[in-house]
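The values are calculated or read from the model by the stated rules, or taken from the named source; none is laboratory data. Nothing here was measured: the structure is a model prediction, and the numbers come from that model. With ideal geometry, Cβ positions are generated from the backbone for all residues, glycine too; neighbour counts draw on all protein chains shown.
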Amino acid sequence: MMPVEQWDTRTGVRCTPLGYFTRIFALICLCLAVFASQLSGKVDKARVLVDSFADPNYVEKKSTEDGLAPETYHLLKGKFVGGYIRDKTMRDVDFIEMAENLAEQLKTRNYYSAKSKEEGDFLIVVNWGVTEIQADFDELFPTDEEDEEEIEEGSEEDSFLSGDIESYTREEGYSYRDQSNAALIGFDRALRRNDLSIQDGFELQDMLESERYFMILSAFDWQLLRKTGEKKLVWSTRFSMDAIKLGFDDAHYALSRGAANYFGTNLDGKLGKVNTYAGPGSVQTGELEVVETIEDVEE
């Protein structure tokens, strides 16, 4: 028995048999086109490297018998680092766009946006940009007059945003630029590891010679900061990727996607390496549910 009329619950469109099969055919063509583009290499691939630090006590608290403990946060726009290259795509990406994408990825680790200013476990400061700069790490925490009204200067420094740059690299002979970039994107801890292989060491050093898009998420204890002004860093995740082949408008999606499973974790100086794809989201198709069938009526 052929359905005379069906209702597509996903789109709210009532379909005749011809329209129904036409839509199915179009959907199949779309899926084949996406599959073909992947086979032909048209989907831009991305390799994201991740450095992640977290207080050991927090890591133990985050993992429970029932899974990852749900926690809430506020996102704060940090510093944009433009580097030496002229990259229009970096200026085109609005912070709100990045924040919305980050919020989706943070859910992977059971982090959710706080509903009010008084609530929340963390203040997550988001810094982003491209390497090939000599950054002042103390300036990566925003201290504009507007922010100072609500966040007083704390007595405890973020050890990952300041310190002796020259102590961050294991080998001698690095330029200040390379040392700065290594600290900025989290390669410094990996380069200090005694068990780092020679091949991995050369690979990281080579990456420091090219521009890399990066993002840094630094999670501070929000309640302690709100009540006392003390900036206590609980976890920090730094992630980067090659900036040569892609624009930041596509790359920031890959960055967040690649780092998602590492938020709030401690890699102990190792680097997470994630192969993903650039651009927003993925093609997903829902099932076409038939909620009503009308029998053929003989004339």
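State all residues of segment 97-107 that are of a type in the set (A, V, I, L, M, F, W, C) and farther than 11 Å from residue 126 by Cα; if no residue qualifies, say none. Scanning segment 97-107 gives 103, 106. Of the listed requirements (1) surrounded by fewer than 23 Cβ atoms within 10 Å (Cβ to Cβ); (2) at pLDDT 90 or above, residue 213 misses just one: (1). Within segment 189-202, the set of residues being touching a residue at least 60 places away in the same chain (Cβ under 8 Å) and assigned to a helix (DSSP H, G or I) comprises 189, 190. Beta carbons closer than 7 Å, at least 6 apart along the sequence or on distinct chains, never pair a first residue in segment 108-134 that is not assigned by TED's automatic domain parsing to the domain that holds residue 256 with a second that is modelled with pLDDT under 95 and not aliphatic (A, V, I, L, M).
Screening segment 49-87 for residues that are without any contact (Cβ under 8 Å) to a residue 24 or more places away in the chain and under 30 Å from residue 204 (Cβ atoms) and picking the one that is surrounded by the most Cβ atoms within 10 Å (Cβ to Cβ) gives 63. Return yes when residue 112 is buried (at least 19 other Cβ atoms within 10 Å of the Cβ) and hydroxyl-bearing (Ser, Thr, Tyr) and no when it is not. Taking the combined requirement at face value, the residue does not satisfy it. Of the residues making up segment 207-261, those that are among the hydrophobic types (A, V, I, L, M, F, W, C) and under 24 Å from residue 92 (Cα atoms) number 15.
If you filter segment 232-256 down to residues that are among the basic types (Lys, Arg) and surrounded by fewer than 24 Cβ atoms within 10 Å (Cβ to Cβ), you find that the one that is modelled with the highest pLDDT is 232.
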